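Student: Below you'll find the structure I mean.
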C-alpha cells in the first residue's frame with residue numbers, strides 16, 4: 001500500500017479547513033432560518049391582530065401598543081435601536097387642518113398696482129405648506145410647454161413662481177410633480193393663473209374648505225391657484241399677455257419686472273397627534289460594507305374600528321366592528337419580527353447592516369415610509385435594497401407573488417435563492433394584476449422612487465380584504481413561515497454580495513426619474 005507523507009497529510013488538513021468552516025457556517029445559517037416556525041407565526045399574529053389592538057388605526061392606542069410590542073421583541077433579540085435619538089421609534093406629526101378661506105388672499109403689487117383675490121371666491125389653496133408669515137417676493141414667470149428638463153438649472157430662490165396654465169386643454173402628465181419641483185429650485189411659493197370655466201373653478205374653491213391631513217413637519221411651499229379674471233386689469237401693467245404665453249411653443253421662463261406677489265394664507269389646526277415607525281438594526285460584520293444597509297419593511301397599521309358606513313371600506317358585521325387586519329398587514333409585521341429573530345441567531349452576521357422596520361400610516365397614504373424616505377435615520381444613499389412584505393399569509397399554498405422582479409437584478413438573485421432551496425416549496429411568481437398598479441401602492445414605492453431597488457412580497461387580495469373577517473384564524477401560518485425563510489435567505493444573499501443591486505436602465509427611467 002502506498003504511504004502518504006506527513007507533509008502531504010498536513011497540507012490536506014489545511015485545505016479542508018475552509019470547507020469545514022463553510023459547512024459550519026451553512027449549518028448555522030440553516031439553524032437560524034429554522035427559528036422561523038409555523039407556531040411562532042401563529043402565536044404572534046394572534047397578538048398583533050387581537051381585538052385589544054382595535055384595528056391598529058393611524059394614529060391610535062392600538063397602533064402604539066403594536067409598535068411597542070415590536071420594539072420589545074427587537075430588544076429581546078439584541079438588536080440595536082435605529083430610530084431617532086437612540087430609541088426604537090421614529091415618530092412623525094399628524095394634524096387635521098382647514099384653510100381659513102375668508103382670511104386668506106393673494107395679491108399683485110408694483111407699478112402702481114395693488115390687486116387682491118380672496119380665497120373665498122377668486123383663488124384657492126392647492127397643496128403644500130401654509131407659511132407662518134405672508135410671503136412677498138418677486139414674480140418669476142413660467143409658461144408654455146413646461147417640462148422638468150425646461151426647469152432644470154433655473155434659480156428661483158427668493159421668488160414666487162407665476163405659472164400660466166391653459167386648463168382648456170388636458171393637464172400634462174406629472175403636472176403636480178412639476179409644481180413640486182419649484183420647491184427644489186428655491187421658490188418661496190407658486191401661484192398658478194387659471195382659465196378654468198367659472199363653474200369648475202367655483203367647485204374647486206368650495207373643496208378647499210374640506211379638512212385635510214398634514215403629515216410630518218412640512219418643508220413644502222404654498223401652492224395657490226387664482227382665476228385670471230381677478231387680475232385682468234393688472235396684467236397689462238406688467239406686460240403680461242396670457243394668450244401669447246399660453247400659445248408659446250417654447251418654454252417661457254423669466255423675471256417679471258416690477259411685479260411682487262403676495263401670498264397671505266391662514267389655516268386652522270383642528271387636531272394633532274403623532275404616529276410611530278419602529279426600527280431596529282443588526283450591524284454588519286464587514287468593516288466597509290457595514291455602512292450599507294438592506295432594509296426589510298412591513299406596515300403595522302390597519303384601518304381601525306368600522307363605523308356605520310365603514311372605515312377604509314371595512315364594515316361592521318353584527319357585533320363585530322374591529323378590523324383586525326391579520327393578513328393586511330399583521331402577516332408582514334410578524335414577518336419583520338421573525339426575520340429579526342432569525343438574523344440575530346446567525347453565528348456570523350451579514351457583511352452589510354440590516355434594518356428591520358415596521359411603518360405606520362400605510363393605509364392612509366404610505367405616511368410612515370414616506371416620512372422615513374424623507375427623514376431617514378441612516379443615510380438613504382447607503383440603503384442598497386428594500387424588501388417589503390404586505391399580505392403574505394393567504395391564498396395559494398406554494399407560490400408568492402413578488403412584484404418588482406423585472407426592474408432590477410434583485411429578481412435574478414431571488415430566482416437563484418428560490419432554486420437553491422427547493423425544501424421550502426415556495427415559488428416566487430410574477431405580478432398577476434399589473435392593471436391594479438400594486439407596485440405604487442405599498443411602502444416599497446417610497447424607496448423605489450428614491451432610487452433604491454425593491455422587491456415586494458404580496459399574496460394578493462381576497463374577500464376578507466379590509467373586512468372584519470380578516471382574522472388570525474384565516475391565516476396560513478405554515479405557508480408564511482416558508483415565505484419568511486425564503487426572504488431570510490434572499491436578504492442574506494443581498495447583504496453578503498460584493499456589489500450592490502442594480503436597476504435595469506429602462507426601469508430606472510420609468511420609475512425613478514419621473515419621481516426625482
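Student: Looking only at the stretch 189-198, decide whether some residue is out of contact with any helix residue (DSSP H, G or I) (no Cβ under 9 Å at 6 or more places or on another chain) and either surrounded by 15 or more Cβ atoms within 10 Å (Cβ to Cβ) or touching a residue at least 60 places away in the same chain (Cβ under 8 Å) (or both).
Tutor: yes
Student: Hey, any hits in the stretch 498-508 for a residue that's out of contact with any strand residue (DSSP E or B) (no Cβ under 8 Å at 6 or more places or on another chain), in a helix (DSSP H, G or I) and surrounded by 17 or more Cβ atoms within 10 Å (Cβ to Cβ)?
Tutor: Within the stretch 498-508, none of the residues are out of contact with any strand residue (DSSP E or B) (no Cβ under 8 Å at 6 or more places or on another chain), in a helix (DSSP H, G or I) and surrounded by 17 or more Cβ atoms within 10 Å (Cβ to Cβ).
Student: Whether any residue in the stretch 448-462 is in a helix (DSSP H, G or I), over 22 Å from residue 411 (Cβ atoms) and in contact (Cβ under 8 Å) with a residue 24 or more places away in the chain is what I want to check.
Tutor: No, the conditions are met nowhere in the stretch 448-462.
Student: Is it the case that residue 392 is crowded, with 17+ Cβ neighbours inside 10 Å, closer than 23 Å to residue 74 by Cα and either touching a residue at least 40 places away in the same chain (Cβ under 8 Å) or under 11 Å from the mean Cα position of the chain (by Cα) (or both)?
Tutor: Taking the combined requirement at face value, the residue satisfies it.
Student: Can you tell me which residue is nearest to residue 69 (Cα to Cα) among those in the stretch 319-333 that are buried (at least 20 other Cβ atoms within 10 Å of the Cβ) and out of contact with any strand residue (DSSP E or B) (no Cβ under 8 Å at 6 or more places or on another chain)?
Tutor: Among them, the one singled out is 330.
Student: Could you please tell me which pairs satisfy a Cβ distance under 7 Å, a separation of 6+ or placement on different chains, a first residue in the stretch 70-84 that is not assigned by TED's automatic domain parsing to the domain that holds residue 283, and a second residue that is part of a helix (DSSP H, G or I) and modelled with pLDDT of 95 or more?
Tutor: Close Cβ pairs satisfying both conditions: none exist.
Student: The conditions are (1) surrounded by fewer than 12 Cβ atoms within 10 Å (Cβ to Cβ); (2) in contact with a helix residue (DSSP H, G or I) (Cβ under 7 Å, 6 or more places away or on another chain), and residue 423 fails exactly one of them. Which is it?
Tutor: Residue 423 satisfies all of (1) surrounded by fewer than 12 Cβ atoms within 10 Å (Cβ to Cβ); (2) in contact with a helix residue (DSSP H, G or I) (Cβ under 7 Å, 6 or more places away or on another chain) except (2).
Student: Right, next: Please return the ranges of helices (runs of 4 or more DSSP H) entirely within the stretch 167-266 where 1 or more residues are within 18 Å of residue 144 (Cβ to Cβ).
Tutor: 175-184, 242-247
Student: Being more than 17 Å from residue 277 (Cα to Cα) and assigned by TED's automatic domain parsing to the domain that holds residue 64 is the requirement here; does residue 322 meet it?
Tutor: Yes: the conditions hold for residue 322.
The values are calculated or read from the model by the stated rules, or taken from the named source; none is laboratory data. Treat the numbers as computed from the prediction; the structure is a model and nothing was measured. FYI the Cβ positions are ideal-geometry reconstructions off the backbone, even for glycines, and counts take in every protein chain you see.
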